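Scroll down for the structure; my scribbles are underneath it.
The values are calculated or read from the model by the stated rules, or taken from the named source; none is laboratory data. For clarity, every value in this text was computed on a predicted model and none was experimentally measured. Quick reminder, even Gly has a Cβ in these numbers, built from the backbone with ideal geometry, and neighbours come from all protein chains shown. Remember, those area values only see protein heavy atoms, side chains included, never the ligands or the DNA or RNA. Shrake-Rupley method; radii C 1.70, N 1.55, O 1.52, S 1.80 Å.
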Amino acid sequence: MSPTTTDLGVGRVLEQCRAENRAALVGYLPVGFPSVEGSVEAMVAMVEAGVDIVEVGIPYSDPLMDGPVIAYAADQALKRGVRVNDAFTATRAVRDAGAPPLVMSYWNLILRHGPTAFARELAAAGGAGIITPDLIPDEGGEWIAASEETGLDRVFLVAPSSTEQRIAAVTEQCRGFVYAVSHMGVTGARTSMGDAAAVIVNRTKAVTDKPVCVGLGVSGGSQAAEVAAYADGVIVGSALVRCLTEAEDLAGGISALRALVGELAEGVRSGR
């Protein structure tokens, strides 16, 4: 079995959260919206406000799991000229701010860049690893080899549709944490979490002792507390991105972002 933590990865942060008897707060923002500089400023603000791990999203023209809020921000970032290399600028800034940055990217972008080159450049820029929503371990040999060489985390996804055999096979190849998708569909804040998230976490924990973090749907402190009761990490994306898409300017967006992160951070600390 591969190690669950590396010096670059998110393992130490998750262990610290576990020692504090709480879940980690994982916040997603796409690089390049409203600008590269603005997105980096927003990511650093999230760290300062209480996010434990930052997901640095790389905008892609053909998203599979991104809902309307993230898709809009990604589209705007692409129109304004964001490039894959801008993710390295963001990861360095997040690392310098004190949190491990995990890149969230569709595989085609990394394949185009070259998996080995991408991994080396990401590690040099302080990156913790990569979340690959559309890459399954069965077809990820080149990435698994690159992550072994660089020490980066590799986070694959399990979903409510995954069989027990599939969950076991996917979690075997994960390092850092296992990303449990709470429901079938695209990203987006939800008014109710239902019991699907708890079910997939319990099914995953039945086959692995690696941390399991839940993504898709959390929008506020009470939902964060609800998920934090059974998950090792609470992943929030659309609700954070909306702080920037609905703001009149960057300063207003970052102010809203800090307020929401504070509410979510309190939520993950009150869930147990």
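Here are some notes:
- The chain: antiparallel DSSP beta bridges as a percent of all, rounded to 5: 5
- Only one residue of Gly50, Trp143, Ser105 has its Cα farthest out toward the positive end of the dipole of the chain, where Lys and Arg carry +1 and Asp and Glu -1 on Cβ, and that residue is Gly50.
- For the chain, carbon and sulfur atoms together expose 49% of the accessible surface, with a 1.4 angstrom probe and every protein chain in place.
- By a 1.4 Å probe calculation restricted to protein chains, Glu148 has an accessible surface near 90 Å², given to the nearest 10.
- Over region 28-108, Cα pairs under 8 Å with separation of 6+ residues give a relative contact order of 43 percent.
- Most positive-pole-ward Cα, Ile200, Gly237, Ser219, against dipole of region 195-249 from beta carbon charges: Ile200
- The calculated P(r) of region 10-109, using every Cα pair and 10 Å bins from 0, goes 17, 47, 28, 8, 0 in percent.
- Solvent-accessible surface (1.4 angstrom probe) belonging to Arg80, in square angstrom, nearest 10: 130
- Counting only DSSP beta bridges with both residues in region 7-103, the antiparallel share comes to about 0 percent.
- Accessible area ranking (1.4 Å probe, heavy atoms, ligands and nucleic acids excluded), largest first, for Asp209, Asp86, Asp249: Asp209, Asp249, Asp86.
- Seen from Val47, the other residues with C-beta closer than 10 Å to its C-beta sum to a net charge of -2, counting Lys and Arg as +1 and Asp and Glu as -1.
- Going by accessible surface with a 1.4 Å probe and the largest first, Lys79, Lys210, Lys205 read Lys79, Lys205, Lys210.
- Relative frequency of Cα-Cα separations exceeding 26 Å in region 109-267, percent: 36
- Neighbourhood charge, 12 Å Cβ-Cβ cut-off, centred on Pro137 and excluding it, Lys, Arg +1 and Asp, Glu -1: -1
- Counted charge near Ala251, where neighbours are those whose Cβ lies closer than 12 Å (Asp, Glu -1; Lys, Arg +1): -2
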